[in-house]
Amino acid sequence: MAEKALVHRMEQAALTTKIRLLDLAHQTLIHIGGDLSVCDMMTAIWQYAMHYDVKDPHWEGRDRFVLSKGHAAAVTSFSQAASGCYDVGDIYKEYATNFGRFGMHSCNLANPYVDVSTGSLGHGFPVASGMATALKRKGSSSRVYTVVGDGECGEGSIWEAAMYASISSAIWSSSSTATACPSTARPRNTWHWNRSQTNGARSAGTPSPSMAMT
Ligand SMILES: Cc1ncc(C[n+]2csc(CCOP(=O)(O)OP(=O)(O)O)c2C)c(N)n1
Ligand SMILES: [Mg+2]
């Protein structure tokens, strides 16, 4: 019962974020497709799975997040705002403006809850793998969450990072659409990822094609 209530809460939160994204798309140019496709999983990640302190964004014990498909910055900002990191109204005011904190791509200089600036496809996941390795070597139990696009999986650096992460680090990765699955399922299993698949577009409770390595 408690789980049902949790899923309902996540679904409502994801719906709110989707409406905010559409409002923003009405106001200005955003990557609406890439934002909406990960809205449910981002809600699950930011409002359920990740450990972090809104008041202390650089807390050493936090989990890390790397938006590998960095063009989904709007959904990231709204997901962070839903947890209290920002005022939602500020996103509408500052999104894609000169000196605004909320760019069309995630920027860690302007946004303390963004660990890595991303936007060029294929870079975020390798960086996340390195961060996970460093954390593991330090004895930290923090996790590194990364969201990778299905198209982005065509980048060789994503494949190399997936192979690397499977032997050396603790990391969770989610791909944005189911189309990534058929072509990549076998190698990921070969690389000893713990892999699960859910329809994240229908339920906010769990991310869509996802892999966890512990
Ligand atoms: C190296 C690189 N090449 C091209 C682009 C331009 N670009 C931005 S989004 C995008 C499509 C990404 O598709 P996918 O990874 O499936 O993400 P989706 O938006 O579908 O969720 C492309 C080609 C880029 N950001 N980086
Ligand atoms: Mg895609």
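Laboratory data are not the source of any read-out in this text; all were calculated from the coordinates shown. Keep in mind that this is a model prediction, so the values were computed, not measured. For neighbour counting, all protein chains shown are included, and Cβ atoms are generated from backbone atoms with ideal geometry for every residue, glycine included.
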Amide H contacts under 5 Å for Arg64, placed H, 5+ residues apart: Arg143, Val144, Tyr145
Fewest-first sequence of Leu29, Leu24, Leu15 by Cβ atoms within 10 Å of each Cβ: Leu29, Leu15, Leu24
Reachable aspartates and glutamates, given that their alpha-carbon falls under 17 Å from the alpha-carbon of Lys55 and they are not under 8 places away in the same chain: Asp63, Asp87, Asp115
Ranked Cys107, Cys39, criterion: other C-beta atoms within 10 Å, fewest first: Cys107, Cys39
Per-residue Cβ neighbour rank within 10 angstrom, fewest leading, Met50, Met41: Met50, Met41
Filtered chymotrypsin sites (Phe, Trp or Tyr not before Pro), the stretch 78-163: DSSP coil and at most 11 other beta carbons within 10 Å: Phe99
Nearby lysines by direct alpha-carbon distance to Lys93 (threshold 19 angstrom, same-chain neighbours under 8 apart not counted): Lys18
Rounded, prolate or oblate (a/c below 1.5 giving rounded, otherwise prolate when a/b exceeds b/c) for the stretch 1-89 by Cα gyration tensor: oblate
Vicinal HN-Hα couplings computed from phi for the stretch 142-153 (Karplus, 6.51 cos²θ - 1.76 cosθ + 1.60; Hz; Gly/Pro x): 5, 9, 10, 9, 9, 10, 10, x, 5, x, 4, 5
